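The structure appears right after this line, and notes come after that.
The values are calculated or read from the model by the stated rules, or taken from the named source; none is laboratory data. These figures come from a predicted structure and were not determined experimentally. All Cβ positions, even for glycine, are placed from backbone atoms using ideal geometry, and neighbour counts span all protein chains on display.
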Amino acid sequence: SPQVVWDTLGNRQFCSYKITTKTQNFCRNEYNITGLCNRSSCPLANSQYATIREEKGRCYLYMKVIERAAFPRRLWERVLLSKNYEKALEEIDENLIYWPRFIRHKCKQRFTKITQYLIRIRKLTLKRQRKLVPLRRKIERREKRREEKALIAAQLDNAIEKELLERLKQDTYGDIYNFPIHAFDKALEQQDAESESESEAEREEDDDEDEDEDTDKREFVEADDSDLSDFEDMDKLETSEEELEEEEEVEEKASHSRSKGKAPLKGPATSKRTYVKIEYEEETEPATKTKAT
Amino acid sequence: GEDGAPPAPERVLFPPTFSVSEIKNKQRRHFMFLRWKQQQRKGGRGPPGGRAPPKAIPKTIENQRVYDETTVDPNDEEVAFDEATDEFAPYFNRQTVPKILITTSDRPRGRTVRFCEQLSTVIPNSHVYYRRGLALKKIIPQCIARDFTDLIVINEDRKIPNGLVLCHLPEGPTAHFRMSSVRLRKEIKRTGKEPTEHKPEVILNNFTTRLGHSIGRMFASLFPHDPQFIGRQVATFHNQRDYIFFRFHRYIFKSEKKVGIQELGPRFTLKLRSLQRGTFDSKFGEYEWIHKRREMDTSRRKFHL
């Protein structure tokens with residue numbers, strides 16, 4: 001009869017536990033000892049059969065004999081194996097004495113495998129577990145969309161540029177950049193009506209102070225013409241003179257970025273130049289053009 | 001159009017309750033709609049009234065934001081006092097120099113590793129270490145012993161970084177963020193620039209509430225106190241609607257009214273999930289703020305940072 005079972009189910013007709021793949025056939029039956037679909041491993045096609053199964057960390061030996069083939073409820077006899085590995089192997093041997101070699105061998109192999117993976121489980125639970133948090137699709141979509149909207153609303157480039165310009169105005173950069181021509185312009189324009197005489201007085205004072213220091217620098221006037229032409233405030237030569245003077249004062253203290261005084265509006269070029277040519281440009285300072293007038 | 005229209009529709013035009021959609025007669029309704037459309041195109045609201053109402057200020061979510069009672073007033077003394085005595089005070093008093101440890105979760109994939117490397121070029125004085133299965137609780141005492149001030153753990157899922165844990169070390173607060181839209185350097189369209197070794201400046205935008213303030217200070221304490229302006233690099237943390245956008249740029253002042261920026265360095269966005277008082281302890285930690293979806297996400301105009 002088991003032979004008949006195998007002839008029909010195993011080889012020819014349909015077996016619901018059988019899974020075929022390109023290279024091998026597997027058996028999904030829970031009582032199967034090797035997991036493959038073979039004549040000797042099929043629990044349906046063998047009247048005398050044994051397996052090892054584990055439940056909640058304890059291993060059991062299941063046995064099926066032909067005497068009980070008529071009683072499906074009592075078909076599988078279950079024996080609890082001891083936790084001790086060697087002892088359990090002895091128990092298997094004891095219970096499966098006089099059983100075919102194949103089943104005994106495979107039972108022990110399966111038992112070994114099961115104990116190994118149980119040990120691994122216990123070890124892993126002691127280590128940090130990776131917690132899987134399920135994503136909620138709706139919420140993910142919502143968050144993504146809100147982030148996009150927030151990005152658009154943020155206008156990052158503008159915000160950063162504004163902040164940087166603010167910092168420039170607040171003078172956090174100190175003397176690195178020598179831009180504040182416009183600021184001086186506006187300030188002077190505002191004060192023109194009120195304190196013109198004051199500014200003239202300042203100019204004279206500045207002249208006196210700077211005279212000794214700037215005499216050398218005033219010689220190199222002609223070289224700066226081309227740069228001066230870059231100024232947007234060409235029409236306001238007087239004011240630009242003053243600004244240059246004041247800038248020079250500041251620059252002397254700073255002692256770098258002198259070339260900025262030449263053409264502060266040529267941003268990229270000059271800023272690069274300063275880093276490289278700081279030493280060279282100390283002497284060739286821009287002087288005010290028509291100081292004498 | 002229908003010239004043979006009865007005088008009744010003429011009456012209908014003027015009362016304020018006129019609406020084209022309420023006319024039952026389809027032909028008539030269509031006609032009125034076309035006429036209304038023409039008037040719209042001509043730039044008037046139609047025969048009644050003279051000119052259009054004055055342009056109103058558009059409502060934006062930022063305008064309509066629910067006022068948060070924990071918004072920090074710049075002159076608030078209590079806040080100033082708090083900030084002088086909180087965990088970041090040593091940094092802001094220049095007593096400590098930031099030293100950052102960057103690590104990942106277990107078994108990082110290539111993208112995360114590259115992101116960590118790029119992040120370490122952005123943050124000066126930072127070191128990347130592989131995790132190799134070490135428990136955070138054991139790493140932290142070692143870090144403190146070696147004088148690290150901050151610990152950054154980048155969590156990874158399915159080969160992309162998706163979370164960031166920022167832990168200020170000597171007993172500092174721990175912030176847990178969700179990270180999204182991470183762009184590595186090569187994915188940002190630009191003409192091949194690398195950040196230099198100069199210390200960048202830091203810009204923190206829009207951190208208005210108390211919570212936002214503390215998070216902002218956390219970010220500020222990652223960077224050394226004195227930026228090198230020569231380097232012209234700036235790291236920006238911009239908070240908008242509870243999303244913190246991180247960008248790293250190089251800037252150039254073309255004139256005093258114009259500045260050009262060029263993006264280098266990675267970019268990512270963060271969303272705060274929780275802020276915890278002590279160092280990293282997910283089970284027994286004292287949480288100062290957790291994002292609770294059911295309570296906090298109910299209003300679209302309410303933000304917490």
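At a glance:
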| quantity | calculated |
| --- | --- |
| Answer residue from the range A:148-172, given it is of a type outside the set (D, E, K, R) and surrounded by fewer than 16 Cβ atoms within 10 Å (Cβ to Cβ) and is nearest to the other protein chains (Cβ to nearest Cβ) among those | A:A153 |
| Test: residue in the range B:45-62 that is of a type outside the set (A, V, I, L, M, F, W, C), under 20 Å from B:R210 (Cα atoms) and modelled with pLDDT of 60 or more | yes |
| Given (1) within 11 Å of chain A (Cβ to nearest Cβ); (2) without any contact (Cβ under 8 Å) to a residue 40 or more places away in the chain, index of the condition B:D226 fails | (1) |
| Condition met for B:Q118 (under 14 Å from B:T279 (Cα atoms), in a helix (DSSP H, G or I) and away from chain A (no Cβ under 14 Å)) | no |
| Those helices (runs of 4 or more DSSP H) lying entirely in the range A:98-209 with at least 2 residues over 30 Å from B:R158 (Cβ atoms) and at pLDDT 70 or above | A:101-126, A:156-169 |
| So B:L101, is it within 14 Å of another protein chain (Cβ to nearest Cβ), of a type outside the set (D, E, K, R) and in contact (Cβ under 8 Å) with a residue 40 or more places away in the chain | no |
| Residue check for B:T208: of a type outside the set (A, V, I, L, M, F, W, C), touching a strand residue (DSSP E or B) at 6+ places or on another chain (Cβ under 8 Å) and modelled with pLDDT of 90 or more | no |
| Residue under evaluation B:P58, criteria (1) within 14 Å of another protein chain (Cβ to nearest Cβ); (2) of a type outside the set (D, E, K, R); (3) crowded, with 16+ Cβ neighbours inside 10 Å, criterion not met | (3) |
| Every residue from the range B:166-189 that is out of contact with any Asp or Glu (no Cβ under 9 Å at 6 or more places or on another chain), buried (at least 21 other Cβ atoms within 10 Å of the Cβ) and away from chain A (no Cβ under 14 Å) | B:A175 |
| Per-region count, the range B:272-290, residues buried (at least 20 other Cβ atoms within 10 Å of the Cβ) and facing chain A (nearest Cβ under 10 Å) | 0 |
| Condition check for B:F245: aromatic (F, W, Y), within 21 Å of A:K149 (Cα to Cα) and not in a loop (DSSP other than H, G, I, E, B) | yes |
| Number of positions in the range B:229-242 that are in a strand (DSSP E or B), closer than 21 Å to B:F303 by Cα and facing another protein chain (nearest Cβ under 9 Å) | 4 |
| Residue among B:G216, B:G260 that alone is free of Cβ contacts under 8 Å to residues at least 60 places away in the same chain and part of a strand (DSSP E or B) | B:G260 |
| Single match in A:R128, A:R122, A:R104 (criterion: closer than 30 Å to B:K137 by Cα and surrounded by 12 or more Cβ atoms within 10 Å (Cβ to Cβ)) | A:R128 |
| Which listed residue is among the acidic types (D, E), farther than 26 Å from A:W6 by Cα, surrounded by 11 or more Cβ atoms within 10 Å (Cβ to Cβ) and touching a strand residue (DSSP E or B) at 6+ places or on another chain (Cβ under 8 Å), from A:E91, A:E77 | A:E91 |
| Selection from the range B:190-221 of residues that are more than 11 Å from chain A (Cβ to nearest Cβ), acidic (D, E) and over 23 Å from B:P161 (Cβ atoms) | B:E197 |
